Amino acid sequence: MQRSAMRRVEDKIRKLSAQLLAAEEDEELRPMLVELREALHQHIERLRARLAGYPILVERRVRNGIPPSGITTPQNGVHKDRPTSAGLKTSTNEGLP
């Protein structure tokens, strides 16, 4: 994607926005709104295409040293030799089946 194409769309969006603010008649607004909406849609699609081309997206938790919830590590994994609390009774549930 060329930068100049992105710049042209951004300039078109700015120009249409200024024209909308300066418009005095409602009849003038509808065609400008349609054109602005199309320009915004085109700009968003180009941004999405650029983002898809990024070499890597690193999740913020990983950058900060916090593993994502789907990854088991020694810190958050279940050890087979340790008892779990699944079968323990506490004073709040004692006597319940």
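The values are calculated or read from the model by the stated rules, or taken from the named source; none is laboratory data. Bear in mind that the values here come from a model prediction, so they are computed numbers and not experimental data. A quick note on method: Cβ atoms are made from the backbone with ideal geometry, for glycine too, and the neighbour counts reach across all protein chains shown.
Residues in segment 1-17 that are modelled with pLDDT of 90 or more, in contact with a helix residue (DSSP H, G or I) (Cβ under 8 Å, 6 or more places away or on another chain) and not polar (S, T, N, Q): Val9, Glu10, Lys12, Ile13, Leu16.
This table checks each residue for (1) in a loop (DSSP other than H, G, I, E, B); (2) modelled with pLDDT under 90; (3) loosely packed, with under 10 Cβ neighbours inside 10 Å; (4) hydrophobic (A, V, I, L, M, F, W, C).
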position	(1), (2), (3), (4)
Leu40	no, no, no, yes
His43	no, no, no, no
Ala49	no, yes, no, yes
Val58	yes, yes, yes, yes
Pro67	yes, yes, no, no
Leu88	yes, yes, yes, yes
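Quickly run through segment 18-32 and pick out the residues that are touching a helix residue (DSSP H, G or I) at 6+ places or on another chain (Cβ under 7 Å) and in a helix (DSSP H, G or I). Gln19, Leu20, Leu29, Met32 - these are the residues of segment 18-32 that are touching a helix residue (DSSP H, G or I) at 6+ places or on another chain (Cβ under 7 Å) and in a helix (DSSP H, G or I).
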